[in-house]
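Enquirer: One structure, as structure tokens, below. Some questions next.
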Amino acid sequence: MDRRVTCLNCMDGRVQLPVLTWIKSNYPIDYVDVITEAGMDGVLAKQEDISEILRSIKVSINLNKSTKIFIVGHHDCRGNPVDVKLHRDEIHLAAERLKKEWPNHEVIGLWVNNTWNVERVSVQ
Ligand SMILES: [Zn+2]
């Protein structure tokens, strides 16, 4: 079985390669399943109905055997235009929300900063 993780990212094209490159450099994995929304961190933190996102995560975890979940927020996000501090809070809230659903999975929050470098901001 290949080694796989799940990444919940913004749909913004600027963050795809930095995030995939960072995850593959920092974890011994083969594939990253990517689920996107405009402003994913805000959607997971604030939107009541996230059933479509949960459906995708279930495919990644139950069928593809993903072992970790990453949640990404980023600088200059037009889908979730809040300040840096609120982004970090929302990444944390989003991680807590998903940790409740998958308590045995490590849930890792990432922040893509204003130089498009990736920082780990939450591990649950
Ligand atoms: Zn964005």
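Just so it is clear, none of the values below were taken in a lab; they were calculated from the coordinates. Bear in mind the structure is a predicted one, so any value in this text is a computation, not a measurement. Here the Cβ positions follow ideal geometry from the backbone for every residue, glycine too, while neighbour counts run over all protein chains shown.
Enquirer: Under 10 Å, Cα contacts only: if you run a Gaussian network model on the chain, which one of Asp89, Asp30, Asp76 comes out with the highest mean-square fluctuation?
Expert: Asp30
Enquirer: Can you pull out the trypsin sites (Lys or Arg not before Pro) in region 37-122 that DSSP calls coil and that have at most 10 other Cβ atoms within 10 Å?
Expert: Here the sparse-neighbourhood loop sites are Arg78.
Enquirer: Can you pull out the trypsin sites (Lys or Arg not before Pro) in region 1-33 whose DSSP state is coil and whose Cβ has at most 13 other Cβ atoms within 10 Å?
Expert: In loop regions of region 1-33 (DSSP not H, G, I, E or B), the sparsely surrounded trypsin sites (Lys or Arg not before Pro) are Arg3.
Enquirer: On to the next question. Can you list residues from other chains, or at least 5 along the same chain, whose modelled amide H is less than 5 Å from the amide H of Leu110?
Expert: Here Ile71, Val72, Gly73, Val121 satisfy the definition.
Enquirer: Just add up the charged neighbours of Met11: K/R +1, D/E -1, any other residue whose Cβ is under 11 Å from the Cβ of Met11.
Expert: 0
Enquirer: Now for a separate question. With springs connecting C-alpha atoms under 10 Å apart, model the chain as a Gaussian network and identify which of Asn64, Asn114, Asn26 has the largest mean-square fluctuation.
Expert: Sorting by GNM fluctuation, first place goes to Asn26.
Enquirer: What is the distance in Å between the Cα centres of region 2-39 and region 40-58?
Expert: Centre-to-centre distance over Cα atoms comes out at 16 Å.
Enquirer: Continuing with this model, one more query. Dipole of the chain, Cα-centred, from +1 at each Lys and Arg C-beta and -1 at each Asp and Glu C-beta, to the nearest 20 debye?
Expert: About 340 debye.
Enquirer: Restricting to DSSP loop positions (anything but H, G, I, E, B) with no more than 10 other Cβ atoms inside 10 Å of their own Cβ, which GluC sites (Glu not before Pro) remain in region 13-64?
Expert: Hits after loop and neighbour filter: Glu48.
Enquirer: If you don't mind, there's one more thing I want to ask. Residue-wise, which Karplus ³J(HN,Hα) couplings in Hz belong to region 74-82, taking 6.51 cos²θ - 1.76 cosθ + 1.60, θ = phi - 60°, and x for glycine or proline?
Expert: 8, 4, 6, 7, 7, x, 8, x, 10
Enquirer: Which one, Asn26, Val82, Ile50, projects farthest toward the positive side of the charge dipole computed for the chain from Cβ point charges (K/R +1, D/E -1)?
Expert: My answer, from the dipole projection, is Asn26.
Enquirer: Rounded to the nearest 5, what is the percent of antiparallel bridges among the DSSP beta bridges in region 62-124?
Expert: Among the beta bridges of region 62-124, antiparallel pairing accounts for roughly 40 percent.
Enquirer: What does the net charge come to around Glu37 if you take all other residues with beta carbon closer than 11 Å to its beta carbon, with K and R at +1 and D and E at -1?
Expert: Local net charge: -3.
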